[in-house]
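Worksheet: one structure, shown below.
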Amino acid sequence: MKYEKPLRAVLHILCLLPFAWILWQLWLMFNYQPHQLTANPFQYINQYTGDWTIRILLASLAVTPLRKLTKKNWLIKWRRPLGLYAFFYGLLHLGNYVVLDHFFDWTVIWQDLVKRPAMTFGMLALFLMVPLAVTSTKKMIRRLGRSWPRLHRLVYPIAILAVIHNIMMVKADLRQPLIHLSILLLLLGYRIYVKYRPRLVKRLSFS
Amino acid sequence: KFQNLEAQQNFAPGEKPTPYQAVTTYNNFYEFGTGKDDPAKNAHTLRPRPWTVEVGGHVEKPGAYDVDDLIRDSHLEDRIYRHRCVEAWSMVIPWVGIPLADLIKRFEPTSKAKYVRFETLEDREQMPGQRRRVMNWPYVEGLTMAEAMNPLTLMAVGLYGEVLPNQNGAPIRLVVPWKYGFKGIKSIVRIDFVDRQPLNSWQELAPHEYGFYANVDPTVDHPRWSQAKERRIGEFFRRDTLPFNGYAEDVAHLYAGMDPKKLY
């Protein structure tokens, strides 16, 4: 497909745009220019990086359904970069929380981890992304063989934990997290449908 | 902007007021959207003049009071207070206001009045955020009579010596500096003197997270975050949150013998 390469470049640019935007806004802030980070940039960046982690994570889960429905097999090449970008924004999210927001206040961070389920889910989701990022190279795919797909099924609990974390952290306005949840359910529902359809068809034809 | 302004009273001595720009662009006012910068962007639709406040319930002098009459007939005070949001950020704000006790004395509540109940304007045209049912409109808050009569409790009508901007609760709002910010109900249209504890909006929405008293207490965590420290807007390091937001001397006696765990 002749558009394959330029489309992948567009994908990379799209995934880097939110990061570039934050850097630009920070530059404006440090130069005392009007910026969008509000009077509380720590809180703003926290929400912003968290939202982008989930959006890109959901996009990575959309690759397979999209590939099957459009029958464009080259789309599979989008899965790894999307997964890694989701991890990248997740690390920014965690970095902002640990370094900028709480400045290595381990007491508070530990309390959050053990006492507050919303925080536990978020940190667990990010922690589970580490082995997936580490085993994303061609070499690791080859080395792990048949256990690689099994390991990477971890993305399902990761996405579920991330979306639950998102819903639980919001005070009242659930609009956006519920959009995330609907997309997640749609993407998971597609997989369940694909997996159980043959059995269903069989049973129906026998009856 | 105000003629009858009295001398400044600083209840946050040694602390630098948060810049006007931050005070007026970062706050919660869900009637104009749930983002922190939404109120400043959307509150231009509010028409704060003319404005009447209905006073009712157990009072000798109920009625509709024009906000400018209330301001003209009062001693306005310039007061610098710490402001602590339940979300663990804080500011120092120079308010202009009328001590609530002065107003209450004018309305002459009867002995049946045990609580004061406040209500925000409900008007989808002026408050576009109310088109979505984020919470039950109108916003409701309440205080015990003793809290309402405490000299610290202020009905703010301005900040930084100027008329209150729409996004900060124009034309008249409550300021209770030892409580979390959500107790400071904005754009008030009704004040009722009642005998039963009012159900305030955030308590109605999430009773296990937000109570009636909402006193600032570093030892009682919010279920989803610690209240031990706070981010003062404009500062990098978090600072320790003080019991009653640093106003314990003035208000701790109001809660003598009460279980602090129930005062969240």
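Between B:239, B:232, the distinction of being within 13 Å of chain A (Cβ to nearest Cβ), modelled with pLDDT of 95 or more and either under 26 Å from residue B:138 (Cβ atoms) or within 19 Å of the chain's Cα centre (by Cα) (or both) belongs to B:232 only. Only one of the numbered conditions (1) within 14 Å of another protein chain (Cβ to nearest Cβ); (2) in contact with a Leu (Cβ under 9 Å, 6 or more places away or on another chain); (3) within 21 Å of residue A:19 (Cα to Cα) is violated by residue A:119, and that is (3). Inspect region A:191-205 for any residue being more than 23 Å from residue A:89 (Cα to Cα), surrounded by 12 or more Cβ atoms within 10 Å (Cβ to Cβ) and of a type outside the set (Phe, Trp, Tyr) and give the result as yes or no. Among the residues of region A:191-205, at least one is more than 23 Å from residue A:89 (Cα to Cα), surrounded by 12 or more Cβ atoms within 10 Å (Cβ to Cβ) and of a type outside the set (Phe, Trp, Tyr), which makes the answer yes. So, in region A:24-54, of the ones that are farther than 22 Å from residue B:23 by Cα and surrounded by 20 or more Cβ atoms within 10 Å (Cβ to Cβ), which residue ends up nearest to the other protein chains (Cβ to nearest Cβ)? Within region A:24-54, the match that is nearest to the other protein chains (Cβ to nearest Cβ) is A:50.
Here residue A:61 fulfils each of the conditions (1) farther than 22 Å from residue A:183 by Cβ; (2) out of contact with any strand residue (DSSP E or B) (no Cβ under 6 Å at 6 or more places or on another chain) apart from (1). Scanning region B:16-35 for residues that are touching a helix residue (DSSP H, G or I) at 6+ places or on another chain (Cβ under 9 Å) and either part of a loop (DSSP other than H, G, I, E, B) or hydrophobic (A, V, I, L, M, F, W, C) (or both) yields a count of 12.
Do we find a residue being in contact with a strand residue (DSSP E or B) (Cβ under 7 Å, 6 or more places away or on another chain) and within 22 Å of residue B:145 (Cα to Cα) anywhere in region B:43-51? No, region B:43-51 contains no residue that is in contact with a strand residue (DSSP E or B) (Cβ under 7 Å, 6 or more places away or on another chain) and within 22 Å of residue B:145 (Cα to Cα). Just checking, does region A:122-142 include any residue being within 14 Å of chain B (Cβ to nearest Cβ), modelled with pLDDT of 95 or more and assigned to a helix (DSSP H, G or I)? Yes; the residues of region A:122-142 include at least one that is within 14 Å of chain B (Cβ to nearest Cβ), modelled with pLDDT of 95 or more and assigned to a helix (DSSP H, G or I).
Using the structure shown, decide if residue B:196 is surrounded by fewer than 23 Cβ atoms within 10 Å (Cβ to Cβ) and under 30 Å from residue A:118 (Cα atoms). For residue B:196, the condition - surrounded by fewer than 23 Cβ atoms within 10 Å (Cβ to Cβ) and under 30 Å from residue A:118 (Cα atoms) - is not met.
Would you check if there is a residue in region B:103-120 being touching a residue at least 40 places away in the same chain (Cβ under 8 Å), closer than 21 Å to residue B:233 by Cα and not polar (S, T, N, Q)? Checked region B:103-120: no residue is touching a residue at least 40 places away in the same chain (Cβ under 8 Å), closer than 21 Å to residue B:233 by Cα and not polar (S, T, N, Q). Among the residues of region B:172-184, write down those that are within 14 Å of another protein chain (Cβ to nearest Cβ) and not hydrophobic (A, V, I, L, M, F, W, C). Residues satisfying the conditions are B:180, B:181.
Taking the criterion of being within 14 Å of chain A (Cβ to nearest Cβ), assigned to a helix (DSSP H, G or I) and more than 29 Å from residue B:64 (Cα to Cα), would at least one residue in region B:201-218 satisfy it? Checking region B:201-218: at least one residue is within 14 Å of chain A (Cβ to nearest Cβ), assigned to a helix (DSSP H, G or I) and more than 29 Å from residue B:64 (Cα to Cα). Within this structure, residue A:17 fails the test of being under 20 Å from residue A:88 (Cβ atoms), loosely packed, with under 12 Cβ neighbours inside 10 Å and either over 18 Å from the mean Cα position of the chain (by Cα) or within 13 Å of chain B (Cβ to nearest Cβ) (or both).
Residue A:111 meets the conditions (1) within 14 Å of another protein chain (Cβ to nearest Cβ); (2) in contact with a Leu (Cβ under 9 Å, 6 or more places away or on another chain); (3) modelled with pLDDT under 95 in every case but one. The failed one is (2). Screening the candidates B:226, B:187 for the property of being of a type in the set (Ser, Thr, Tyr) and within 11 Å of chain A (Cβ to nearest Cβ) yields one hit, B:226.
The values are calculated or read from the model by the stated rules, or taken from the named source; none is laboratory data. Computed from a prediction, not measured in an experiment: that's the story for all the values here. Cβ coordinates were reconstructed from backbone atoms using ideal geometry, including for glycine residues, and neighbour counts include every protein chain displayed.
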